[in-house]
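What follows is one structure encoded as structure tokens, with my remarks underneath.
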Amino acid sequence: MTYSSLMVYVDDEADNVARIGFARDLAVVFDATLIGISVSEPEPPLVDAYVAGGMAGEILTLRRDQADGELAAAKTRFLDALKDTGIAHEWRAETGYPAACVAHQARAADLILIGRDAGRLPYRAPDAGDLIMNLGRPVLVAPPRAQAAPVDGVALVAWKEGARPSAPSPPPCRC
């Protein structure tokens, strides 16, 4: 099987640099375009709007600016990792719920590469299980300290035939 486009999720977790390198190695092997994506949802304030009064708007603006700053930093990390590599690449960033936005953007890629989501906030990174069950595309969950893409290594493929229990759907993507 060959892939013409790969998508890697870029965030500020410790394993991020290794994950981008992992995706870069795969892009070289398959001569694929590498698409970097990052999504950030402004965290809702932990304050009642009636109690905060006029400050609620300022808090929301501050959280939106923080999310925009995280997306800009993710773009810089991605572009720095691909500088002078000759790999065709694209960048996509959105403000919204990560799982829904990545699911929307995943149509542009043959393989989605994400990190493990242990301890990550749902406002900053998509849940691996949500993506695996909803994308309709192959998802590769990179190990936390992936050093190189194991193109000839062992891969675990798992599938359960059957109906998925109904779960509340995530908020819609504001794409």
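Nothing in this text is a laboratory measurement; each read-out follows from the coordinates by a stated rule. Just so it is clear, the model here is predicted, and its values are computed rather than measured. Every residue, glycine among them, receives a Cβ derived from its backbone with ideal geometry; neighbour counts consider all protein chains shown.
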(request) May I ask for the net charge around E70, where only other residues with Cβ less than 9 Å from the Cβ of E70 are counted and Lys, Arg are +1 while Asp, Glu are -1? (result) -2
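Using Cα-Cα distances under 8 Å and only pairs 6 or more residues apart, what relative contact order does segment 1-100 have, in percent?
Details: 133 pairs, mean separation 38.0, N = 100.
Relative contact order here is 38 percent.
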(message) Check which residues have an amide H placed less than 5 Å from T33's amide H, if you skip close sequence neighbours.
(response) S5, L6
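How much length is gained if the chain between R137 and V29 is pulled fully straight, taking 0.36 nm per residue apart and subtracting their Cα-Cα distance, in nm to one decimal? Don't skip to the end; give the middle numbers.
Values: separation 108, 0.36 × 108 = 38.88 nm, distance 1.94 nm.
Taking 0.36 nm per residue and subtracting the Cα distance, the gain is 36.9 nm.
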